[in-house]
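The values are calculated or read from the model by the stated rules, or taken from the named source; none is laboratory data. This structure is a prediction, so every number in the text was calculated from the model and none was measured. Virtual Cβ from ideal backbone geometry, glycine too; neighbours counted across all protein chains shown. Ligands, DNA and RNA are excluded from the accessible area calculation, which covers all protein heavy atoms including side chains. Shrake-Rupley method; radii C 1.70, N 1.55, O 1.52, S 1.80 Å.
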Amino acid sequence: MSEVSVPASGAIAASSRLDRGGLIRRTEGLLVPAALVIAWEAVVRGGWVSSHLLPPPSELVTTLADLAGNGTLLEHIGISSLRVLIGFLIGAGLAVVVGAAVGLSRRTEALLDPTFQALRAIPSLAWVPLLLLWLGIDEAPKITLITIGAFFPVYLNFVAGIQKVDRKLVEVGGIYGLTGYRLIARIFLPAALPNLFTGLRTGLSLSWMFLVAAELIAASRGLGYLLTDGRETGRADLVLVAIVVLALLGKISDSLLRWLEDRLLGWRDAFDSRPS
Amino acid sequence: MSHNLLDLMVAAKDFEALRVIKNVRFGIDSGEIVSLVGPSGCGKSTLLRIIAGLDTSYRGDVRIKDEPPHLHSRDVGLIFQEPRLLPWLTVAENVAFELGRKGRHDPYVTQLLAEVGLGDFATAYPKQLSGGMAQRVAIARGLFTQPSLLLLDEPFSAVDAFTRRRLQDLLLSVAGHHGTTLLLVTHDVNEAVYLSDRVIVLADRPGRISGQVIVDARRPRDRRNPQLAKREAEVLTLLNDGTNQFFDLSYHLAAAPPRWQAIRLSSLNFAI
Ligand SMILES: Nc1ncnc2c1ncn2[C@@H]1O[C@H](COP(=O)(O)OP(=O)(O)OP(=O)(O)O)[C@@H](O)[C@H]1O
Ligand SMILES: [Mg+2]
């Protein structure tokens, strides 16, 4: 067929052009933060703000280097990341199982969904005192809180994704003789995958939020503890370093999910690939 | 009259208060090629959905090989009016959907894709296809399955005239090769007559049968065979009898010289 042989070379050229565009956009994104950091340093050095309340970026770098040097920073990062990882995996895992059951069956929905909607209405931090009462101040209440935080966004998005699957595609599955779990695996799950990822990414960022909440209240290690410690000892630099590290960890973990999302959902015909 | 593959009797099919089909009755024998033509909205797609088992809320009795239609039977395949490709599967995986992911390397997939002119697109995703290309993938998917009864809902409506002819011949050769029975909905009377052993003409409001034209020309057929043109005119007459709201062209057609006729025929095809 003569009509089909064109794309290859053009497509490669276009994609490398896109890559360069992406690089430019990424560096563009650094302009504002860089300007802010410079202004911050200047403001503190100029004496307009007390360096006790707002330590300049250069001091933060020293603090960071100290913490990294004696290994405590890595320990805090390790313990916090582990808590998030465990809580997120449990919460998201439960949400996928329960969400599939609720999304696929009206009966399970009638049975379970009202309960989850009611539980969701509770501001999650209200659980904290109860969790502390029930589970003590060990790992259990922290992980449980993170699990709660991760559960709801994943659950809600996944259920919505399954319920919104295009009837026309489900009919295709039917025509090909798919029923039961094969219909679920081959039509419902792939069709709901984009929604699932939206839920996972929201769930992950909430997991970090709830980690901080849990560690602020009762912890002797972790980045949330570093925040409390900094406040109690009057060291704004510690607080700021903990904030920066939390931001970085949140960003890195989100980028990992996003990378996975792009790999698994490359088939989507999304508006995302807009030109700069 | 009893037919050995499909016996269809739909006494009534309603969508809410609207009666869409009333007393439609026909049958198909194994190996036959039958077309359904009729004005837009007369219930052709609905009939195919009933036969495929997608629609079960009607009054009547439908039997495929003496069994009521059921959705998950492998006996009946359906090529929908829209391509309905699964967006998360590549072109080859869509064609081999029946086999699951492992099917994409099946040599028959490669062969079918080459035959519908998409040999280079096996690994493309549906979002990378044009409307006509997507429709050709859907045709390849329908042919891949080799059911005993293949239902096609305006399968060639989105492709250019030249490709359309090639696909028509591909359909005939695949169906002939596997002894597949075809029930085809089309708006193109010329196509219906060229492909079919019988053309069933429907009228609308509510959808009912206004007549049937038997096309007895021998196969393989020559598109210029004057016999086909005669049958085509018969189908058009039936269509006009059943649809009053369109201009009645059959009168002019009967009087017009053959060249004229060709022009009028194509404009009429467009109109219905
Ligand atoms: N899901 C539905 N709900 C309500 N009415 C419907 C539905 N599907 C079809 N109809 C009605 O049934 C009638 C027949 O529809 P159908 O799709 O079978 O027509 P068709 O003959 O295939 O038309 P076309 O040639 O335009 O594809 C139409 O009048 C339409 O309004
Ligand atoms: Mg239709």
Q) If you build the Cα gyration tensor of the protein assembly as shown and take the root of 5 times each eigenvalue, what three semi-axes come out, in whole angstrom, biggest first? A) 65, 28, 19
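Given 37 °C and 0.692 mPa s, compute D for chain B with the Stokes-Einstein relation, Rh being the Kirkwood radius over Cα pairs; round to the nearest whole µm²/s.
D, rounded to a whole number, is 170 µm²/s.
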Q) Spin-label point model (7 Å from Cα, Cβ direction): what's the A:LEU23 to A:ALA35 distance in nm? A) 2.4
Q) What 222 nm value per residue comes from the helices of chain A, counting each DSSP H run with n ≥ 4 as -39,500 (n - 2.57) and dividing by all residues, nearest 500 deg cm²/dmol? A) -26500 deg cm²/dmol
Q. Within the range A:27-128, which chymotrypsin sites (Phe, Trp or Tyr not before Pro) sit in a loop by DSSP and count at most 11 neighbouring Cβ atoms inside 10 Å?
A. A:TRP48
Q) Using alpha carbon centroids, what distance separates the range B:14-32 and the range A:199-276, in Å? A) 60
Q.
I'd like the interface area for chains A and B: accessible area of each alone minus the complex, both sides summed, 1.4 Å probe, protein heavy atoms only. What is it in Å² to the nearest 100?
A. 2500
Q. Which helices pass in chain B if a helix is a full DSSP H run, must span at least 20 angstrom along its long axis by Cα, and must have mean Kyte-Doolittle hydropathy not below 1.0?
A. none
Q: Indicate the gyration tensor shape class of chain A (rounded, prolate or oblate), computed on the Cα atoms with a ≥ b ≥ c the square roots of the eigenvalues: a/c under 1.5 is rounded; otherwise a/b larger than b/c is prolate and the rest oblate.
A: oblate
Q) What is the dipole size for the protein assembly as shown, taken about its Cα centre, with +1 at each Lys and Arg Cβ and -1 at each Asp and Glu Cβ, in debye to the nearest 20? A) 800
**Q.** Signed unit charges on C-beta, dipole axis of the protein assembly as shown, positive-most listed residue A:VAL241, A:SER58, B:LEU202
**A.** B:LEU202
Q: Set Lys and Arg Cβ to +1 and Asp and Glu Cβ to -1, take the dipole of the range B:1-125 about its Cα centre, and tell me which of B:GLY27, B:SER40, B:LEU89 lies farthest positive.
A: B:SER40
Q. Using a simple spin-label model with points 7 Å from Cα along the Cα→Cβ vector, what separation in nm is obtained for B:LYS65 and B:ARG101?
A. 3.1
(Q) Please list, by residue number, every one of the chymotrypsin sites (Phe, Trp or Tyr not before Pro) in the range A:217-275 that is coil in DSSP and has at most 16 other beta-carbon atoms within 10 Å. (A) A:PHE271
Q: List the residues whose amide H sits under 5 Å from the amide H of B:LEU78, counting only those 5 or more places along or on another chain, with H placed 1.01 Å from N in the peptide plane.
A: B:LEU151
Q. In deg cm²/dmol and to the nearest 500, what is the mean residue ellipticity at 222 nm of chain B if only DSSP H runs of at least 4 residues count, each as -39500 (n - 2.57), divided by the residue total?
A. -11000 deg cm²/dmol
**Q.** Between the range A:125-139 and the range A:164-195, the Cα center-to-center distance that results, in Å
**A.** 41
Q.
Between A:LEU248 and A:ARG45, what's the calculated FRET efficiency when r is the beta-carbon distance and R0 is 22 Å? Round to 0.05.
A. 0.30
Q) If contacts are Cα pairs under 8 angstrom and at least 6 residues apart, what is the relative contact order of chain B in percent? A) 22
